[in-house]
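The values are calculated or read from the model by the stated rules, or taken from the named source; none is laboratory data. Remember, predicted model here, so these are calculated numbers, not experimental data. Ideal geometry is used to build each Cβ from the backbone, glycine not excepted, and the neighbour counts take in all protein chains shown.
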Amino acid sequence: MKMNDPFHTELSRHIWATRYRAPGEADIRASWQRVAHAVAAAEAQDRDAWATRFYALLDDFRFLPGGRILAGAGTGHRVTLFNCFVMGDIADDLEAIFEALKEGALTMQHGGGVGYDFSTLRPAGTVAQASGTIASGPVSFMHIWDAMCATMLSTGARRGAMMATLRCDHPDIEAFVDAKRDPALLRHFNLSVQVSDAFMDAVARDVDWPLLFPLHDDTPGDEAVVERRWSGTAAPVPCRIVRTVRARALWQRILRAAYDTAEPGVLFVDTINRDNTLASIEHLSATNPCGEIPLPPYGACDLGSLNLARFVTAPFEAGAQLDLAALAEAAALAVRFLDNVIDVSRYPLPAQAGEAQRKRRIGLGITGLADALILLGLRYDSEVARALAARAMQTVRDAAVRTSVALAQEKRPFPVFDREAYLASGFATRLPHQLRDAIAAHGLRNSHLLAIAPAGTISLLADNCSSGIEPVFAAEAERRVLQADGSYRSHRVVDYAWQRWWARGGAGAPPAFVEARQLDPRAHLAMQAALQPFVDNAISKTINVAADIPFERFAELYREAHALALKGCTVFRPNPVTGAILSEPAAAERVQCCGIEREAD
């Protein structure tokens, strides 16, 4: 390690050199300068001064912008600075399906991951009256997307990422749920079931659950017809009940697949839409590949994370504190930074540019939480740790909202801002009165401000700080990192807080150090629940459980997640299909698209 080298680990330097370094850059400081000047170009005046402020924000890994920003800003390459997109609704005809496939390929070519709601595609076996053809169902078309993704990005240090969702009342839901039991299939997709409150109520009452689909050009037969708001529709439409299942049996099937294969995850879509600040003009049914940003058709995620470990003063000492004033100041600057990204980024499709400009969504979050807690002497699973984490996220939220109000005054509110509708949203009702009054008076620059991403690769870049709000996986571990030629290289890595403890001459484990496997799974849920009220988008969180966890205890985590008003739930149990986190799988095909080595950042 060189004197004054920002990197303290060889892996961090390797990550920078292979993923984020632009030609001619001698060190990461040059990368930070490039990004700071590129983002400051959106300013109408004082660009050099803003570039200096943005550089200071990036320095020492205090703020970690999404990987596409760090890799692409200021390079002149034809790439997007947005990590991921949700693509447009897929109309139920062959021409539209392949147009959607083309749009996905173009978006991936520019470096963006993609999410889709496949619920608009008619179930397998359905006869289209107009053409007489028999539908093959949404899962069959997902295989085409999977092949496209593998072909588009078959090599390189960043692989393609896709999310597929399906409604819990779609007739092909069982095929979707079981789609990844074959370890060779749909490896480039993450899967999530759209779970409604009505379904959870039917599960609790153990009653029948109708599986249905809009009539479209079909002639109603003897089946019952009901009105439902379907994916891609603005109002309820007539839907034919294809068949019924027992709600509890379907729920068990979903959970058994998750227990056996780690997928599908679940999205609690009614919770998502109740909280949505734009609920009056959009319905959300899909997310980006890692799940922290529910998005409308052609929506994009503009991400960045504040590294809490860098805001701890006097670490490991009796007077250790989280500098909330400095965190608020950094959050305010990060909001302006991410808002500027919207204006300096390229977009793969015109529809994506229009959606981003109309709503100006951003997703500012935190990473390094677990390491910050260790530096402060707080166990991850303690009540005081959750209270501190909530206070930190509340600090970020309040600073973000204040800044967005100020930007609205300076640069104008986002174009589709509706004062009454915004303030009636679930998220806005939880804001302090002063912030609600400021929004009412001046509007907001950004429709959404906050999201907690997994931040896995950028946290590795920041000397292996703990990722997102996850607990530390292990004090030391082997990390497999994807190389530019498609191969993997293993690195021995040490947790950031553990590094700091050793550097100051500490012996043994740092006080309050705890690994993920030592935690009760409910501690994961409790941390996510402590932070969700302060987040208008969502939180990417994986609950790691032991391979021998009883199924009923595993299932209870999902029920509790719904009761806690979380927007989604993913539980990872080591299994024969996906293997174990941070362990080398038997074949490259077993690496999931958003696995720990190749998530979309």
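Check off (1) part of a loop (DSSP other than H, G, I, E, B); (2) in contact (Cβ under 8 Å) with a residue 60 or more places away in the chain for I272 and give me the number that stays unchecked.
Of (1) part of a loop (DSSP other than H, G, I, E, B); (2) in contact (Cβ under 8 Å) with a residue 60 or more places away in the chain, only one is false for I272: (1).
Quick check, is L295 more than 26 Å from D172 (Cβ to Cβ) and in contact with a strand residue (DSSP E or B) (Cβ under 9 Å, 6 or more places away or on another chain)? Steps first, answer last, please.
Numbers: more than 26 Å from D172 (Cβ to Cβ): no; in contact with a strand residue (DSSP E or B) (Cβ under 9 Å, 6 or more places away or on another chain): yes.
No, not satisfied.
Among the residues of region 348-362, is any within 30 Å of F513 (Cβ to Cβ), assigned to a helix (DSSP H, G or I), touching a Gly at 6+ places or on another chain (Cβ under 9 Å) and not hydroxyl-bearing (S, T, Y)?
no
Name the residues in region 403-415 that are of a type outside the set (V, I, T) and in contact with a Leu (Cβ under 7 Å, 6 or more places away or on another chain), would you?
Narrowing region 403-415 to residues of a type outside the set (V, I, T): 404, 406-415.
Hits for region 403-415 are S404, A408, P413, F414.
Taking the condition farther than 24 Å from L295 by Cα and in contact with a strand residue (DSSP E or B) (Cβ under 8 Å, 6 or more places away or on another chain), does V396 pass?
Details: farther than 24 Å from L295 by Cα: no; in contact with a strand residue (DSSP E or B) (Cβ under 8 Å, 6 or more places away or on another chain): yes.
Spelling it out, it is not the case that V396 is farther than 24 Å from L295 by Cα and in contact with a strand residue (DSSP E or B) (Cβ under 8 Å, 6 or more places away or on another chain).
Can you go through A314, A320 and tell me which one is surrounded by fewer than 22 Cβ atoms within 10 Å (Cβ to Cβ), farther than 18 Å from Q528 by Cα, touching a residue at least 40 places away in the same chain (Cβ under 8 Å) and out of contact with any Phe, Trp or Tyr (no Cβ under 9 Å at 6 or more places or on another chain)?
Matching residue, one of A314, A320: A320.
The rows are residues; the columns are (1) of a type in the set (G, A, S); (2) crowded, with 21+ Cβ neighbours inside 10 Å; (3) closer than 23 Å to T233 by Cβ.
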position	(1), (2), (3)
R53	no, no, no
L58	no, yes, no
F61	no, yes, no
E99	no, no, yes
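Look through region 67-101, keep the residues that are among the polar types (S, T, N, Q) and within 22 Å of N190 (Cβ to Cβ), and return whichever of them is modelled with the lowest pLDDT.
Checked region 67-101; the qualifying residue modelled with the lowest pLDDT is N83.
Being of a type in the set (K, R), over 24 Å from D93 (Cβ atoms), surrounded by fewer than 22 Cβ atoms within 10 Å (Cβ to Cβ) and more than 24 Å from the chain's Cα centre (by Cα) is true for just one of R181, R256, R246, R228. Which residue is that?
Only one candidate qualifies: R246.
Conditions tested, residue by residue: (1) surrounded by fewer than 17 Cβ atoms within 10 Å (Cβ to Cβ); (2) at pLDDT 95 or above; (3) closer than 23 Å to N544 by Cα.
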{"residue": "Q409", "(1), (2), (3)": "yes, yes, no"}
{"residue": "F414", "(1), (2), (3)": "no, yes, no"}
{"residue": "A428", "(1), (2), (3)": "no, yes, no"}
{"residue": "G443", "(1), (2), (3)": "no, yes, no"}
{"residue": "L460", "(1), (2), (3)": "no, no, yes"}
{"residue": "S466", "(1), (2), (3)": "no, yes, yes"}
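Mind telling me which of the residues R248, R256 ends up being among the charged types (D, E, K, R), more than 21 Å from F534 (Cα to Cα), in contact with a strand residue (DSSP E or B) (Cβ under 9 Å, 6 or more places away or on another chain) and not in a loop (DSSP other than H, G, I, E, B)?
Within the list R248, R256, the selection yields R248.
If a residue must be charged (D, E, K, R) and over 26 Å from G456 (Cβ atoms), how many such residues does region 306-341 contain? Walk me through it before giving the result.
Taking region 306-341 as the starting set, the residues that turn out to be charged (D, E, K, R) are 310, 317, 323, 329, 336, 339.
So of that shortlist, the ones also over 26 Å from G456 (Cβ atoms) come out as 317, 329.
So the count comes out to 2.
Given the criterion free of Cβ contacts under 8 Å to residues at least 40 places away in the same chain and either more than 15 Å from A202 (Cβ to Cβ) or among the basic types (K, R) (or both), identify the matching residue among L267, L284.
L284
Could you please give the count of residues in region 29-49 that are in contact (Cβ under 8 Å) with a residue 24 or more places away in the chain and surrounded by 16 or more Cβ atoms within 10 Å (Cβ to Cβ)?
Going through region 29-49 one residue at a time, the tally reaches 10.
Can you tell me which residues in region 333-347 are in a helix (DSSP H, G or I) and not small (G, A, S)?
The answer is L333, V335, R336, F337, L338, D339, N340, V341, I342, D343, V344.
Here are the criteria: (1) more than 30 Å from F7 (Cα to Cα); (2) of a type in the set (S, T, Y); (3) at pLDDT 95 or above. Tell me which single one S136 does not satisfy.
Unmet condition: (3).
Yes or no, residue by residue, for (1) polar (S, T, N, Q); (2) closer than 27 Å to W32 by Cα; (3) crowded, with 18+ Cβ neighbours inside 10 Å:
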residue: I272; (1), (2), (3): no, no, yes
residue: T277; (1), (2), (3): yes, no, yes
residue: S305; (1), (2), (3): yes, yes, yes
residue: V335; (1), (2), (3): no, yes, yes
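Each row is one residue, and each column tells you yes or no for (1) aliphatic (A, V, I, L, M); (2) modelled with pLDDT of 95 or more; (3) not in a loop (DSSP other than H, G, I, E, B).
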{"position": "H143", "(1), (2), (3)": "no, yes, yes"}
{"position": "M148", "(1), (2), (3)": "yes, no, yes"}
{"position": "A157", "(1), (2), (3)": "yes, no, no"}
{"position": "A164", "(1), (2), (3)": "yes, yes, yes"}
{"position": "H170", "(1), (2), (3)": "no, yes, no"}
{"position": "D182", "(1), (2), (3)": "no, no, no"}
{"position": "L185", "(1), (2), (3)": "yes, no, no"}
{"position": "M200", "(1), (2), (3)": "yes, yes, yes"}
{"position": "V203", "(1), (2), (3)": "yes, yes, yes"}
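If I filter region 514-526 for residues that are surrounded by fewer than 20 Cβ atoms within 10 Å (Cβ to Cβ), modelled with pLDDT under 95 and either among the small types (G, A, S) or in a helix (DSSP H, G or I) (or both), do I get at least one hit?
Looking through region 514-526, at least one residue is surrounded by fewer than 20 Cβ atoms within 10 Å (Cβ to Cβ), modelled with pLDDT under 95 and either among the small types (G, A, S) or in a helix (DSSP H, G or I) (or both).
Is it the case that some residue within region 211-219 is out of contact with any Cys (no Cβ under 7 Å at 6 or more places or on another chain) and outside any loop (DSSP other than H, G, I, E, B)?
Scanning region 211-219, I find at least one residue that is out of contact with any Cys (no Cβ under 7 Å at 6 or more places or on another chain) and outside any loop (DSSP other than H, G, I, E, B), so the answer is yes.
Any chance you could count how many residues in region 380-412 are within 25 Å of the chain's Cα centre (by Cα) and part of a loop (DSSP other than H, G, I, E, B)?
2
Given C594, C569, which one is under 22 Å from the mean Cα position of the chain (by Cα), buried (at least 16 other Cβ atoms within 10 Å of the Cβ) and modelled with pLDDT under 75?
Unique residue meeting the criteria: C594.
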